[in-house]
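Take a look at the structure below.
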Amino acid sequence: MLRTLIRQEFLTHLMSARFFAAVIITLLLVVANAVVLLEDYERRLMKYSQQENAHRQKVQEAKTYSMLKLSVERPPNPLSLFSAGLDKRLGTTFEIYYGSVPIISDGSARSLDNTFLNLFSKIDLVLIFQVVLSLMALLFAYDAIAGDWESGTLRLVISHPVRRGSILFAKYIGAMVCLLIPVLMSLLMVLILLSSTSSIQLDGEDFLRIGGIVLTTSIYLSVFYLIGLLISATTRRTATSLMLCMFLWVALVLVYPNWSRFTITPVGDTRAIHSSADQQIEQIWEEVDREERVFLANSPLEGEPQKFNLDVPSSNSFSSGRHFSKRHGVNMSLLGKRSEPLVPHVQQYHATMGALYIRSAEQIALVRKQTLDSTALWESIRHERLMKLSPASLYTFTAAAWAGTDLEGMFDFVQAVQGYRRTIVDYFHDKDAFGSRKWFASDRGAVDWWDLPQFHFDRTDVWENATRALPGLLLLLLINLALFTVTFLFFIKIEV
Amino acid sequence: MIWHIIKRELFDHINSLRFILTVVILSALMVTNAVVHLRAHPKRVRNYSEKITKSANELKSRSELYALARKGPGDLYKRPSSLAFIADGGDAYLPKNISNGESWSISGQGGEVKSNWWLNYGTVNPDATDLTPYATKIDWVFIITYLLSFIPLLFTFDALSGEREQGTLRLCLANPISRPVLLIGKFLGTLITVLIPFVFAVLLNLAVISVDSWTQLSVADWGRLGLILLIAACYAGIFVGLGLMVSAGTREPRVSLVVLLLIWVAGVIFMPSTLGTLSTKWMPPVQTMDQFRDARKAALKQINDDYGARMSAVKEKKSPNLPSLSELQKLYETSPEAAMAAAEKLRGTWETEGDEELALKAELIKGDVEIRERLNRERLDAQIAQVQRARAVTRLSPAAIVQYALESMAGTGFNRHLQYLEHVHQHTKQFRQFIVETDRADIQSPHFIGVPKGMSQKPVASEAIPKFEDKIAFSDTFNTATLDLLLLVLLLGVFVSGAFLVFIRSEV
């Protein structure tokens, strides 16, 4: 009997105009946007390799160790096609420097040629599912019970020896299968499209991630279908049920996520936190300066630290400073004979300063991390939690967790960058770079960078993504369960 | 008769659930918008006035004409619009001020030369470091583009197909009413029903906003508000027309609802962002930052080399047979004292500044400023061209048209930024002219602009220095909005006549 009911529900939906329209519009939107997004991804990939080349060239230009200007670039995530998340927004270029530990807000978007283009809103495939299919789910559900009640078919069905629970279950299964058809069809189209281009290469893990996104999508759709079913069971009039469904949709999908982001601002004065962090960093620098003075007092070196009182006919140098990192680089391509006795002292100076800078970098990184945690990161997590009160946002965040474009995915990259910086510091130590003549002078040959460690970044494995997505997934399931139970209770009590 | 139909439609709608829900959701959003504005706007205005006072004081402290040329007019700030609650216009993505470019100095044969001020357009990219999840601002643009399109569809999807199903349409047309009159009656009735809650919410919004003394709306602002309401009505009318058209063409109301909602989703929600991403494909290219820097370096190297060659020719003519730097170095190895003496003499000739040297320096500085500003301007123009192209492409969606029209009306957004840049350019020209004229008025000055010794040494009266004040002029913004307004009216005409044609041909 249950099977008959399911088949009947399924066939009714399948032959309805709304199902036809849903399939057409989802396919159209998904395919059109996939083509556009694929091109966008290719452009980003091209930019990425351009930047990489530029970074590599910069390394070769450095003649001394101190002149090394090393940067790494974050590769675009191929799954940003599905969920853009933070992948397209956050800065992609990180500078690697022994004297400062990079944190997430240090990334700069140097590959962006026109920042005005940020004015235009971004799109991804998850957004299409989020908006279109939730609307379709409500349209499938609003008259599921109220419509049958109005037309009298409900009375007819109940007069048969079937339990009410089975009727409800049959309606649910029939509609969900119909809703999943456009999802799977459009996914198939996207996969065909992806396999026809060579720029995107997906491995087995990526397919599992996509599978995770599809799973989340189906649970999300089920939430909206059950919301519609609940409204349908409680109102008993299709017109009322329809209007409630539509306005609830507007509130949950369109309004609430944006509303919560701008109305509820985290209280607390972040300026105080920032200024106290600045003070702490200032103290660390004072400590460094003091030790530098102590060193210089005991050494025959005089004059500006960049050149001292050396006899340097030809040199080039750079220096740049922000409050959390001070950078100097010097390359003396010629060194007068008279200054030869001073060279060991200069070497000793740079060895001392190198160690000091590395130490202060770790200390400053600690302060900066605490500041970030208590300001920007805290704010972001709070906003995320508030937004997650709407199932639509919950779905977006869970999909981003699967794709690895969420905040944690970005932190993975920053961690890799920090690890790379440590590798570089170790490399410098191995080569005894800080205390060598090649730190500041290239008169006896430039540094050969052939064995400089290369940066490499692998996205986390799919199980890590799954654990990150799990809380959202469970929450969605829980909402499902609660909604189904409540609908069931209402349906049992309904008078026919 | 038509009045009768409108009245009946109105009463029908006002008693319905959807009307109540519309009132609730529109009022809630409008009040939110007002409250957020009250919180954010005073900060914005205070910030702006603090910044311009600081900038003006800095300018006053420069009493020397040369200091004015070297440091320029200071930071030039964009005035925040008092109607920012209507359209945010991507405020965070547009620079709020224009500040000095970095300065340089060279020393060498001709003595020291220091750069003069040049116009440097900054860029802002808050996204690069913003960890918070993306969301759209809830301004009037959001409310109008999304809700004033969605709600008309909910009011019209069963307007004709529902009545046809019930048979009331046949009854109605059995009376001596022509179809156009019936359609117009339904159109106006629905439009008025939609606009009543909207106007109510707008009044609520303005009431909350007028509580606060920071936002004072002038007469021109009220004029703009009127136009904004007109735009909103026009936009809602487009969707009422669309709803009637689809409703007249389908037999069942639920089919017409599905069709309408899908059209809405595609046209209003997805088209602006899809087209925005798509348009990058046909965009005119912009130099990358590296290319731009290389081009600038090459152009500057040329004038620098030219300057060096001419300067050494001048020096050579004045005091021939001085040793060059490398010769001096060799001399130093053999007899340091002789080398010191020669170096002293060399420095002496380097630092003397006759008219010839001053002219060369002034030329170098002028060339430097011209090249930098020209290249900056070219890059900016290329970027603007890209944005204009993307805006032209996104105009295929009525939601984008309304957004641009409202931004122009509210004095925010990209067009407003262009207007601000125009003001900055005018001011820069005026400022430079002021320097030249003041210098010309002093007969003792040798008239070499940009070099300390070449300019008038008389103190400049701080009142005479031209001050920058950014203005939001109504006429300018109106001109940019005309195209969007025309497009909207055109679309309205298309959809209403479309509904008319479909309805005339449909069977009852």
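The values are calculated or read from the model by the stated rules, or taken from the named source; none is laboratory data. Model, not experiment: these values are computed from the prediction. Ideal geometry is used to build each Cβ from the backbone, glycine not excepted, and the neighbour counts take in all protein chains shown. Quick note on the areas: whole protein, heavy atoms, side chains included, nothing else; ligands and nucleic acids left out. Shrake-Rupley method; radii C 1.70, N 1.55, O 1.52, S 1.80 Å.
Taking 7 Å steps out from each Cα toward its Cβ at A:Ser195 and A:Ala351 produces label points 6.2 nm apart.
Note on the range B:1-74: Cα convex hull, mean projected area over all directions, 9.9 nm². Extents of the range B:141-234, taken as max minus min of Cα coordinates on every principal axis and listed largest first, are 58, 22, 18 Å. Charged side chains reduced to their Cβ positions (Lys and Arg at +1, Asp and Glu at -1) give the protein assembly as shown a dipole of some 2280 debye around its Cα centre. When exposed loop sites are taken as chymotrypsin sites (Phe, Trp or Tyr not before Pro) in a DSSP loop with at most 16 other Cβ atoms within 10 Å, the longest stretch of chain B clear of them is B:215-508.
Return the ratio Rg/(2.2 N^0.38 Å) for the range B:357-508, where Rg is computed over Cα atoms only. Rg over 2.2 N^0.38 Å, computed on Cα atoms: 1.70. Remark: the range A:346-496 carries 48 Å² of accessible area per residue (probe radius 1.4 Å; ligands, DNA and RNA excluded). Over the range A:272-411, the pair-distance histogram of Cα-Cα distances with 5 Å bins from zero comes to 2, 8, 13, 14, 12, 10, 9, 8, 7, 6, 5, 4, 2, 1, 0 percent, rounded to whole numbers.
In the calculated pair-distance distribution of the range B:351-409, the portion above 14 angstrom amounts to 72 percent of the Cα-Cα pairs. Classification of the range B:197-285 by its C-alpha gyration tensor yields an oblate form. The axis ratio a/c (a ≥ b ≥ c) is 1.5 or more, and b/c is at least a/b.
Dipole of the protein assembly as shown computed with +1 at Lys/Arg Cβ and -1 at Asp/Glu Cβ about the Cα centre; of B:Ala40, A:Ala351, B:Ala201, farthest Cα towards the positive end is B:Ala201. Angle of helix B:219-249 to the longest C-alpha principal axis of chain B, folded into 0 to 90 degrees and rounded to 10: 50°. Cα axis of helix A:391-403 to longest principal axis of chain A: angle in degrees, 0 to 90, nearest 10? Orientation of helix A:391-403: about 50 degrees from the principal axis. Here each label is just a point 7 Å from Cα along the line to Cβ, and for B:Val31 and A:Glu292 those points are 5.9 nm apart. Would you work out what percent of the accessible area of the range B:1-112, with all protein chains in place, is carbon or sulfur (probe 1.4 Å)? The nonpolar share, carbon plus sulfur, comes to 56 percent. Taking all protein chains together, A:Phe116, A:Phe397 sort by accessible area into A:Phe397, A:Phe116, largest first [probe 1.4 Å]. Here the simple spin-label model places points 7 Å from the Cα toward Cβ, and for A:His456 and A:Glu304 these points are separated by 4.3 nm. Among the trypsin sites (Lys or Arg not before Pro) within the range A:1-108, those in coil by DSSP and having at most 16 neighbouring Cβ atoms inside 10 Å are A:Lys69. When the alpha carbon gyration tensor of the range A:180-315 is reduced to an equivalent ellipsoid, the three semi-axes, largest first, read 64, 30, 12 Å. Rounded to two decimals, the Cα-based Rg/Rh of the range B:59-160, with Kirkwood Rh, is 1.29.
Each 10 Å bin from 0 upward holds the following percent of the Cα-Cα pairs of the range A:20-98: 16, 34, 23, 15, 7, 4, 1.
Averaging over all projection directions, the Cα-based convex hull of chain A occupies 27.8 nm² in the image plane.
Its convex hull of Cα atoms gives the range A:14-156 a direction-averaged projected area, equal to a quarter of the hull surface, of 12.9 nm². From the P(r) of the protein assembly as shown, can you give the percent of Cα pairs sitting at distances over 59 Å? Across the protein assembly as shown, Cα pairs with separations above 59 Å total 23 percent. Note on the range B:54-205: Lys pairs 8 or more places apart or on different chains, Cα atoms under 23 Å apart, count 12. With unit charges on the beta carbons (Lys and Arg positive, Asp and Glu negative) and the dipole taken about the Cα centre of the protein assembly as shown, which residue among A:Gln418, B:Val424, A:His323 sits farthest to the positive side? Selected residue: B:Val424.
Largest first and in whole Å, the equivalent-ellipsoid semi-axes of the range B:1-141 read 54, 17, 14, each the square root of five times a Cα gyration tensor eigenvalue. The Rg/Rh ratio for chain B, using Cα coordinates for both the radius of gyration and the Kirkwood hydrodynamic radius, is 1.18.
Taking 56 Å as R0, compute the FRET efficiency from the Cβ-Cβ separation of A:Glu495 and A:Ala466 and round it to 0.05. With a Förster radius of 56 Å, E is 0.80.
Each listed q (0.22 Å⁻¹) maps to a log10 I(q)/I(0) for the range A:378-453, found by the Debye formula over equal Cα scatterers with no solvent: -1.00. Taking every Cα-Cα distance in the range B:446-508 and sorting them into 10 Å bins from zero, the calculated P(r) comes out as 15, 17, 14, 13, 13, 9, 8, 7, 3, 0 percent.
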